[in-house]
Structures are given as structure tokens and as C-alpha cells.
1. At a Förster distance of 30 Å, what's the computed FRET efficiency of S46 paired with Q172, Cβ-Cβ distance as r, to 0.05?
2. At a 10 Å Cβ-Cβ cut-off, how would you order H179, H65, fewest neighbours first?
3. Spelling out what I want: for every residue of segment 118-123, take phi, set θ = phi - 60°, compute 6.51 cos²θ - 1.76 cosθ + 1.60 (Karplus), and round to whole Hz; glycine and proline get x.
4. Looking at (i) 1, 6, 10, 12, 11, 10, 9, 8, 7, 6, 5, 5, 4, 3, 2, 1, 0, 0, 0; (ii) 1, 7, 13, 17, 17, 14, 11, 8, 5, 3, 2, 1, 0, 0, 0; (iii) 1, 6, 7, 8, 6, 6, 6, 5, 5, 5, 5, 5, 4, 4, 4, 3, 3, 3, 2, 2, 2, 1, 1, 1, 1, 1, 1, 1, 1, 0, 0, 0, 0, which value of P(r) over Cα pairs in 5 Å bins from 0, in percent comes from a calculation on the structure shown?
5. Which order results if Y22, Y84 are arranged by neighbouring Cβ count within 10 Å, fewest first?
6. With each pseudo-label sitting 7 Å past Cα toward Cβ, what's the M96-S128 distance in nm, one decimal?
7. Taking amide H positions as placed 1.01 Å from N in the peptide plane, with prolines and chain starts having none, which residues 5 or more places from G171, or on another chain, fall under 5 Å of its amide H?
8. Provide the gained length on full extension for the span S106 to D59, in nm with one decimal, where the gain is 0.36 nm per separating residue minus the Cα-Cα distance.
Amino acid sequence: MTLTGSVAGSMSTIPGITCLLYEGDITRSTAETRTGLDTISITRESSLGPGDKVELFDDPLFDYHALGGLPIVRKVSGQISPAYVGEIISQPDRPMAIPQNNGIISNLGTMISYNYLRCATVEFPNLSKMAPAEVVIPGEEPPYELEIGNPLQLGYVAAEEFFYLDPDEEGQGIVSFHHITGQAEDSIGIALLAFGLTPIKVI
């Protein structure tokens, strides 16, 4: 039995959010057209498209400013469980840039800094609100790190009106879309915070 082409019963309450797509190695090559002219070809190791399931994952590279404030996702790996899983609901956009020379780009930092990643709209079940926020990271050596997709790390100080990383990991419900690395002294970083996300078991 297949659900291909079936839409009955599918319903959403949010329009989805724009996410960067990590699709594995990027390969640029030159091919010859039928008229004998050269054309540039870009292939992606794990190409993603509408209907594909994707997950949040953590990496120190995923700074709010480096990603332009956007979350980044990859194809569901089975390596994270429970995982925050969404579905791509739009055709991925063209990247802002492509490699200038033929070869394989495997370094994720290079893909981010040179704008080689594509974007698409991703729908996350139960996501009710997003907001960029300043997050206080307590000073420590080695430094604390706010991880993407960890609902135990974030708390809120009512009297001071700010979010903070809870070293005891007694937070509840708030998930960061960006990674923040602290310092030896108290510091402040920026992250896009998600409210209402529901994780699922992935096997």
C-alpha cells in the first residue's frame, strides 16, 4: 500500500520555516552537452526534496550569525533519538553560490562560509513559536556550550527577564536552533529559540 499522491488527512497549523539543508559532499564537474559545449554540473551526496524527513543536529559551526539566523537540518540519520524531525514542504532554492572549481567540497564550514548550501521550507510538528533571543552562558573553563536540540539546557530568569544556559540541565521545553560556545567569564550569545517542538523516537 502506498500513500503516493494522497493528501486526505494531512493538516498543518503553521506555514513552516526556512532552513539550510546539509546534503553531504558537494561535487562540481564539467559535462559536455549534445552541441559540444561545456556545462557545469553540481551534485549533492544526499540530495533532499519535498516530502523528505529531516532532523536538527548540533555542531559548533552553527552560530546564529554564520547561518544568517536560519536553522540547519539534514536527512534523518538514525543516530539521534529522540530527534526533532521535520518534513521538507518546498522545492529547495538554488544556493547563493557554487564552487568555482571542479572537485569535491566535503568541509561543512566551507559550505557555510561560501554559501554553498540550499534552503527549503521545513515543517516541524507542534512548533508554536520562534524568537531570536540573547542567552546568558555562565562562565566556566572548559566553557559551557548551548547545544542545538537539547530541551534541558535553557531556563528563564523572571526577575531579570533573560534566558540562560542551565548547567544542571533542569530546563524544560525550549530548544535552541543555534549553537553557542561560552567563555571563561559569563557571556551572552544569540540563538533562535523554538517553543513547542516535540521529539520522536528514531530507530
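1. Efficiency at R0 = 30 Å is approximately 0.35.
2. H65, H179
3. 8, 10, 7, 7, 10, 9
4. The listed entry that was calculated here is (ii).
5. Ordered by Cβ neighbours within 10 Å, fewest first: Y22, Y84.
6. Distance between label points: 3.4 nm.
7. The answer is Q153, L154.
8. Full extension of this stretch gives 15.4 nm more.
Bear in mind that the values in this text are calculations on the coordinates, not laboratory data. Keep in mind it's a predicted model, so treat the numbers as computed, not measured. Cβ: placed from backbone, ideal geometry, glycine included. Neighbour counts: every protein chain shown.
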